[in-house]
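The values are calculated or read from the model by the stated rules, or taken from the named source; none is laboratory data. Bear in mind that the values here come from a model prediction, so they are computed numbers and not experimental data. Cβ atoms come from the backbone with ideal geometry, glycine included; neighbour counts cover every protein chain shown.
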Amino acid sequence: MLTDERPLIELATVTDLPLLSESTTAPDPQTVYGAWWARWGPIAPVLIEHGVPAWLVMGYQECCAIMRSEYSFSRDPRNWRWNQENLLPEGAGIRAFSPPEPRAGSYHHDGETRRRLRQALDDAIADLPDAQIKAATRLVCTEAIARFDAPGPVDLIADYATPVSFLATAAMLGIEGDAAMQLMRDSEIIARHQPGGLEARARIGATLMGHVRASRERFGRDLTSSLVRHPNMRSDAEVVDSAAVPLHAASMFLGAWIGRALHLELADAAFRARWSGGRLGLDDALDQVLWRDTPVANSCAPRYAMHDTVLDGNKAVRRGDALVLALSAANHDPAVHSSDPWDEVGNRSHLAWGTGPHTCPAPAQARLVTRTAIDVLLQQVDLTLMVPADQVEWAPTPWVRQPRRLPAEASLPVLHGHQVPILGDNRDTWTTRPAPSSQARPGPAGHPGNLDGTGDQVPWLEDTPPPTPTTPARGSTAPEAETPGVPSWSDLLHRST
């Protein structure tokens, strides 16, 4: 505990604190972080929401030190003084992330309990075949694109990034249909820091509990089935809360990663030139997103001080204080960057995945879903941003940095004057769509070719083959689909629960 000549600062004595959401909704978050750093240093007092103060940790080294010290800075919300003394305002959104009683998964635990539960989650994730994840993601992407009213406007957040990220993750858990849609709506309430977060979390728990109990009756190759069979799992509650971890990560992180990558591709000419010009591969471009504008800008998993200490020379952190990790600010810390951007191509030492004992359990799987989602969309659809880049609104949440909406004009290019069919939207019908590439190879009889330009075929997950499609002759007009309209994902997402 090192102090300097500056007077000590405590959360209880500082007034006129800024709201954390100012950093996620500003046109340039780094300007906001920079102003806070100039005033306070790498650790600043902020409000998570009105009436809920916390320390915001913005320095790269400071973030790493705290994330690696679970015995000094706990993830267990029972150690938060605002929970212990019942200081949270009624209806506070932070309750959904930091409840008075911790969940039964590794997310809210430290030490031996965390190690036991985390090992089960790590083993279950490792048991998921990459081909299965990629196939499920492709199928969800194809269905989302089939719901586009193209040519016409589309919201790339509500109509693509959110449903693709969440439903692909739900598929890893073996959850589909209405159950997956309800989970997505409830997770959005929590992710957006909206009222009703505790009720939404209770509904998620009930849905997952039913799924876990059903999983005990069958032998599946999904994440839930692996967790159910794992010897470290001692109760259904532990399985439920362990399964909830990737779902919440999907709603908080994956959708924002996909949405932010699409936003940069459409709105930032320099980024687009480096990507489409071949100077950056897709994986390098996705890493640039994580460095430049980390989707989870401020970690929604605060740490809680286990004893009084002094940080940054004059920040008197008291036992029970909350510390929020500003991952986006830390990734822009000049201490971890060089003056030559080419030195950083391939550098993945950003903190988007965290570090220490609570580091993200599935970075490879998250990258696979995101890469597939971006690749499939850009292969199949031409997109044009419908609003000026500086007029894009940002989601009003203290945690996530992503557009609130990303309105784009979607068109389906006709290559060589003809179209080929792709799988529609689970209505047992086919919808005509353009060939993704002039190099696309045909699939098996009655099936489309590759969706992401890799030459891989789409694995068909249904037992019964789809109807044989009819491809219009060169130069002719594709027939209208003789099916009723299908609601967009945004309609389904915002349907009242």
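Tabulated values for the structure
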| quantity | calculated |
| --- | --- |
| Out of D284, D293, sole residue that is in contact with a Ser or Thr (Cβ under 7 Å, 6 or more places away or on another chain) and over 22 Å from T169 (Cα atoms) | D293 |
| Members of the range 152-190 found to be touching a Phe, Trp or Tyr at 6+ places or on another chain (Cβ under 7 Å), among the aliphatic types (A, V, I, L, M) and modelled with pLDDT under 95, listed by number | A158, M184 |
| Count of residues meeting criterion [more than 21 Å from P407 (Cβ to Cβ) and assigned to a helix (DSSP H, G or I)] in the range 144-183 | 13 |
| Top-ranked residue in the range 333-350 [being of a type outside the set (D, E) and touching a Phe, Trp or Tyr at 6+ places or on another chain (Cβ under 7 Å); ranked as modelled with the highest pLDDT] | H350 |
| Failed item, numbered, when E188 is tested on (1) in a helix (DSSP H, G or I); (2) farther than 20 Å from V369 by Cβ; (3) of a type in the set (D, E) | (2) |
| Every pair of residues 6+ apart whose Cβ atoms lie under 6 Å, when the first sits in the range 12-25 and is over 13 Å from I48 (Cα atoms) while the second is at pLDDT 90 or above | V14/P45; T25/W394 |
| Within the range 284-310, considering residues that are of a type in the set (A, V, I, L, M) and under 23 Å from H108 (Cβ atoms), the one surrounded by the fewest Cβ atoms within 10 Å (Cβ to Cβ) | M306 |
| Members of the range 199-239 found to be among the acidic types (D, E) and surrounded by 15 or more Cβ atoms within 10 Å (Cβ to Cβ), listed by number | D222, D236, E238 |
| Residue among D382, D390 that alone is farther than 18 Å from A136 by Cβ, surrounded by fewer than 18 Cβ atoms within 10 Å (Cβ to Cβ), in contact with a strand residue (DSSP E or B) (Cβ under 9 Å, 6 or more places away or on another chain) and modelled with pLDDT under 95 | D382 |
| Residue, nearest to I66 (Cα to Cα), within the range 92-118, restricted to residues that are part of a loop (DSSP other than H, G, I, E, B) and among the charged types (D, E, K, R) | D110 |
| Unique residue being under 23 Å from N331 (Cα atoms) and touching a strand residue (DSSP E or B) at 6+ places or on another chain (Cβ under 8 Å) when the list is R404, R371 | R404 |
| Selection status of D236, acidic (D, E) and without any contact (Cβ under 8 Å) to a residue 60 or more places away in the chain | yes |
| Residues being assigned to a loop (DSSP other than H, G, I, E, B) and at pLDDT below 90 - total across the range 213-258 | 6 |
| Single condition I94 does not satisfy, out of (1) surrounded by fewer than 19 Cβ atoms within 10 Å (Cβ to Cβ); (2) in contact (Cβ under 8 Å) with a residue 24 or more places away in the chain | (1) |
| Conditions (1) surrounded by fewer than 17 Cβ atoms within 10 Å (Cβ to Cβ); (2) in contact with a Pro (Cβ under 6 Å, 6 or more places away or on another chain): number failed by G196 | (2) |
| Qualifying residue in the range 107-122 (condition: small (G, A, S) and under 24 Å from I48 (Cα atoms)) | no |
| Some residue of the range 301-315 being under 28 Å from A136 (Cβ atoms) and of a type in the set (G, A, S) | yes |
| Qualifying residue in the range 204-223 (condition: farther than 25 Å from V57 by Cβ, among the hydroxyl-bearing types (S, T, Y) and in contact with a Ser or Thr (Cβ under 7 Å, 6 or more places away or on another chain)) | yes |
| Among the residues listed as R68, R114, the single one being charged (D, E, K, R), buried (at least 19 other Cβ atoms within 10 Å of the Cβ), in contact (Cβ under 8 Å) with a residue 12 or more places away in the chain and touching a helix residue (DSSP H, G or I) at 6+ places or on another chain (Cβ under 9 Å) | R114 |
